[in-house]
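Shown next, in structure tokens, is the structure this report addresses.
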Amino acid sequence: MIVTSAVRHAAAGTAAVLLVLPTPSATASPVTSTATVTSTAAVAPSATVTAAPGSLGPSLREPTPPARRYVDRARLDLKGTQVQPLPGAPDVPSLSALSWVVADASSGEVLAARNAHRKLPPASTLKALFALTALPHHEPSEQHTVADSELTGIGDGSSLVGVKEGYTYKVSDLWNGVFLSSGNDAVHVLAAMNGGWESMPGKMQEKARSLGALDTQVVSPDGYDAPGQVSSAYDLAVFGRAGLQDPAFTRYCSTRYADFPAGSWSYGIANTNRLLTGADGVDRYPGLIGIKNGYTSNAGNTLISAARRGDRTLVVSVMNPQRGGGLAVYEEARELLDWGFDAAERVQPVGSLLPAPTVPAKAAAGSGNRAVTVARESREAKADSRPPQAGAEAAAAPAAAPAKDPARGEESSGASAGLPLALVGSACAAALALWALRRRTAHRAG
């Protein structure tokens with residue numbers, strides 16, 4: 001009888017609580033119209049929006065992602081010509097240069113190359129790296145009076161623009177002397193303005209490494225032949241691409257003619273890049289931007305060129321053609337530019353001018369640390385998914401976002417269903433306590 005009475009009181013209390021509570025829903029409420037509009041607006045134009053039968057709202061089908069272009073960086077380490085033609089691609093020109101590269105200046109993808117990492121003397125194409133290193137540190141309008149010490153140590157037979165000690169020049173004049181006349185005297189003065197001739201090779205070396213150019217060893221900042229000074233067609237293309245991202249660099253390297261001051265008067269100088277000016281029987285290349293040519297008896301002829309056609313810009317580097325005379329470097333660069341524009345979208349890249357991804361220091365410590373990190377992140381994710389805590393702990397804990405059902409894209413209803421069950425349990429406990437109190441009172445009365 002006692003048990004039966006207790007059960008009746010618990011059942012009565014439970015029924016009373018359930019009558020005043022709403023029936024828990026097995027699913028979450030549909031997403032509000034505002035959220036639906038926002039999600040729909042965020043879909044790419046190519047996405048398809050369809051209404052799924054029986055669903056709570058529109059289902060969105062993601063657009064097909066573009067195919068990834070796999071780039072095997074190790075391929076450029078191989079000797080010989082490297083190219084991956086697709087159907088309809090033109091044949092790569094047969095050139096005499098010891099090394100060359102043709103690449104897309106925007107993406108950095110190398111379309112084709114020959115002996116890309118072969119280390120060769122760069123001659124004055126190294127001035128492109130000098131400009132990348134020193135150009136940002138002085139305004140073009142800044143004026144500088146040349147000291148005699150700044151012109152010492154210029155190599156015999158160097159190309160000169162005519163800088164004189166005691167004369168005052170604007171920085172822009174000196175850079176015109178570097179790019180147009182390949183003036184080693186202008187390089188010496190600008191190096192003195194940027195920490196000195198002796199420190200410049202180290203700065204240039206650091207800049208090259210930051211760009212991912214690992215073949216270059218700088219000894220003489222002006223490119224003058226020096227023991228151990230080398231670069232590669234790959235590195236020269238990297239320098240050319242990096243320069244095109246600097247408006248000042250691009251402006252100087254694409255200037256065909258300029259006036260160079262000489263005290264109270266000035267004289268004209270012309271860019272020695274024949275593809276840019278069309279001098280000495282070399283036809284100008286349509287859309288040519290620049291960049292830098294060079295020559296020494298040890299390096300032969302070298303060239304970095306860039307040209308734009310439509311919305312595509314190419315950069316090519318050519319080192320030491322073995323036939324055709326001193327102008328062959330321009331004609332071989334022309335052939336590479338023509339081929340590159342014709343082959344666009346019809347070859348797979350064989351490499352990239354972008355720096356190789358580096359492994360973070362923490363990741364390099366070992367896979368064990370990574371495993372610990374993953375485990376920690378997993379634990380934190382589980383902690384975030386727990387229901388809010390009660391009391392003071394709930395005030396300190398961040399509010400957790402509603403969990404999503406991955407199969408339906410909806411919020412889970414577990415928390416809302418658990419609340420009525422907790423209240424039912426509390427009601428049962430209260431009913432049992434009330435029954436016990438009434439029994440005790442009745443016993444005392446009897």
| In nm, spacing of pseudo-spin labels at LEU327 and ARG73 (7 Å Cα→C-beta vector) | 4.1
| message | Over the Cα atoms of segment 178-309, each weighted equally, I'd like the Debye log10 I(q)/I(0) at q = 0.13 Å⁻¹, rounded to two decimals. | response | -0.60
| query | Roughly to the nearest percent, how much of the accessible area of segment 129-202 is carbon and sulfur, given a 1.4 Å probe? | reply | 46
| Karplus-derived HN-Hα couplings along segment 213-224 (A = 6.51, B = -1.76, C = 1.60, θ = phi - 60°), whole Hz, x at Gly and Pro | 8, 9, 8, 7, 10, 9, 10, 10, x, 8, x, 4
| Label-point separation (nm) for SER94 and ARG284, each offset 7 Å from Cα along Cα-to-Cβ? | 3.4
| said: Below 8 Å between Cα atoms, with a sequence gap of 6+, how large is the relative contact order for segment 151-288 in percent? | reply: 21
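The values are calculated or read from the model by the stated rules, or taken from the named source; none is laboratory data. Note that the coordinates shown come from a computational prediction; the quantities given were computed from them, not determined experimentally. Every residue, glycine among them, receives a Cβ derived from its backbone with ideal geometry; neighbour counts consider all protein chains shown. Side chains included, ligands, DNA and RNA excluded: accessible areas come from the protein's heavy atoms. Shrake-Rupley method; radii C 1.70, N 1.55, O 1.52, S 1.80 Å.
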